[in-house]
Amino acid sequence: MAFQSPASSPVRPRKSAAAVIFLCFLAIVFDGYDLVVYGAIVPKLLAYEPWGLTPVQTGAIGSYALAGMFIGAILIGYLTDIVGRRKIMMISIASFSLLMLLTAWAPTPELFGLFRFLAGLGLGGVIPTAIALTVEFSKTNRRNFNNALMFSGYAVGGILAALLSLAFLPALGFQGMLALGGIPLIAVVPLLFKFLPESPAFLAAKGDRAQADRIVADYGLEPLVTAPVQGDAPVAGRFRTLLTGRLLGAMILFCLAGICGQTLVYGLNTWLPQLMVIAKYSLASSLTFLLTVNIGAVVGVLVSSRLADRFGPRPVTATAFASSGMALVLMGTGLMPLPAMYLLVAVVGFGSVGAQILVNGFVATYFSGATRATALGITLGIGRIGAVLAISGGGVLVAASLGNFINFSVWAIAAAIGVVAVLTVPRLNAADGRAAAETPEQHSSSTNVHH
């Protein structure tokens, strides 16, 4: 017998799903802040005489947080489907904030690196949880756009870090800039505690259907599917679902795309200021380029995500990767006048941060609500391999003094691999339906005929 969900009635929603998306946006802002502020303070770290760090050591320390995020994204993305997304979000942000404060007060580079690793564990759980909640509280035809809107907080955090570094880095030093990462503990966690609802899909899977239906009705969401899905099986089965058949191929390619996206995002946001200094730009100009990267990401992804909702995320994400690769090669030629360099840097922002946001949206709309957070956790966690390699490898690149063309164009390799990975993600067939959500590619067919 079909179950009539309260959400199917014409009653006007009592609460706005936009509030949920905004809370997730706030959480992501400080992830972006942590990423970009480290890139902004790299010159200061290299100049800090008590520690005497080399570029290779600085890159290695920068990668520790990413190693923590690698573990945190997989582990916490998994736990999210067990203990709930609301709790995980609050715990992750609180732990990250406390450890950012400890990082700022670290007396030695060894403790500095340790605290950054531990902060990464907490931060790793924020992204998959925020994406999963945003997609769940969005209409089907706005999922990519709402995810991009929410995830633009990542670039907004980067913009905030660049602006604050321009204004306060000389006075506060790298310790003061890192201490600002503790703000979410008092500014964001209380808001989440008071206003963030639990995931209806999680509640329904745990047997609390009444509460799930109340949230669905309150926020005017689409009715929950009542038929059993694979995600209602024991939690260990979720990994089995994602790692079998065509979905295994999809997971491998999504992870490869994630590695490429995070190579670009973390490598360039960490090392772009130093690469610009090497290319004879001042530190202030280099920080302005860092600001431009993140502005380009925000503007570009908000436009491209609407196209992803209309035409599917596959071609749009591939285009983003390709544009960043071409822009990086042009930057490396050294033939571009200053206005053109700013434009190219903005394109790189769209094709790095923007491409990663689109990859996340592709994953979130490809898999079902029961496996979405786990799939995102795996993709983002494995993707951290690219981030770790990019940050540590960037230090090796700088130390090698290979010249401006190689310094910039080497990153285009990751962009090219990202294009191939995204374009070869398998299209779903009917047998995969229980484990995958409707993507725009599928949703365009009202007869459930899959491409």
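Laid out as a table, the results:
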quantity: Helices (runs of 4 or more DSSP H) lying entirely in segment 50-127 (those with 2 or more residues that are polar (S, T, N, Q) and in contact (Cβ under 8 Å) with a residue 12 or more places away in the chain); calculated: 55-83, 85-104
quantity: Residue that is of a type outside the set (V, I, T) and closer than 15 Å to A387 by Cα, where the choices are G62, G84; calculated: G62
quantity: Residue within segment 112-127 that is open to solvent by less than 10 Å² (accessible area, probe 1.4 Å), at pLDDT 85 or above and touching a Pro at 6+ places or on another chain (Cβ under 8 Å) present; calculated: no
quantity: Out of M336, M331, M341, sole residue that is free of Cβ contacts under 8 Å to residues at least 40 places away in the same chain and within 22 Å of T319 (Cβ to Cβ); calculated: M336
quantity: Residue ID - farthest from I21 (Cα to Cα), chosen from residues in segment 143-177 that are surrounded by fewer than 22 Cβ atoms within 10 Å (Cβ to Cβ) and within 18 Å of the chain's Cα centre (by Cα); calculated: L160
quantity: L178 out of contact with any strand residue (DSSP E or B) (no Cβ under 6 Å at 6 or more places or on another chain), at pLDDT 80 or above and not small (G, A, S); calculated: yes
quantity: Matching residues in segment 23-49 - criterion: being part of a loop (DSSP other than H, G, I, E, B) and in contact with a Phe, Trp or Tyr (Cβ under 8 Å, 6 or more places away or on another chain); calculated: Y48
quantity: Which numbered condition T134 fails, given (1) β-branched (V, I, T); (2) within 22 Å of P313 (Cβ to Cβ); (3) at pLDDT 85 or above; (4) open to solvent by 40 Å² or more (accessible area, probe 1.4 Å); calculated: (4)
quantity: Positions within segment 308-340 being open to solvent by 80 Å² or more (accessible area, probe 1.4 Å) and under 24 Å from R427 (Cβ atoms), in sequence order; calculated: R310, F311, T319
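To keep it simple, each residue is scored yes or no on (1) among the small types (G, A, S); (2) touching a Lys or Arg at 6+ places or on another chain (Cβ under 9 Å); (3) assigned to a helix (DSSP H, G or I).
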{"residue": "L307", "(1), (2), (3)": "no, no, yes"}
{"residue": "T317", "(1), (2), (3)": "no, no, yes"}
{"residue": "M326", "(1), (2), (3)": "no, no, yes"}
{"residue": "L330", "(1), (2), (3)": "no, no, yes"}
{"residue": "L335", "(1), (2), (3)": "no, no, no"}
{"residue": "P339", "(1), (2), (3)": "no, no, yes"}
{"residue": "V348", "(1), (2), (3)": "no, no, yes"}
{"residue": "L358", "(1), (2), (3)": "no, no, yes"}
{"residue": "G381", "(1), (2), (3)": "yes, no, yes"}
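Per-residue answers, yes or no, for (1) among the charged types (D, E, K, R); (2) within 27 Å of A130 (Cα to Cα); (3) at pLDDT 85 or above:
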site	(1), (2), (3)
R372	yes, yes, no
G386	no, yes, yes
G393	no, no, no
S401	no, no, no
A416	no, no, yes
A435	no, yes, no
Q442	no, yes, no
S445	no, no, no
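The values are calculated or read from the model by the stated rules, or taken from the named source; none is laboratory data. Quick caveat: nothing in here was measured; it's all calculated off a predicted structure. When we count neighbours, we look across all protein chains shown, and the Cβ atoms used for this are built from the backbone with ideal geometry, even at glycine. Just so you know, the surface numbers come from the protein's heavy atoms only, side chains and all, with ligands and any DNA or RNA stripped out. Shrake-Rupley method; radii C 1.70, N 1.55, O 1.52, S 1.80 Å.
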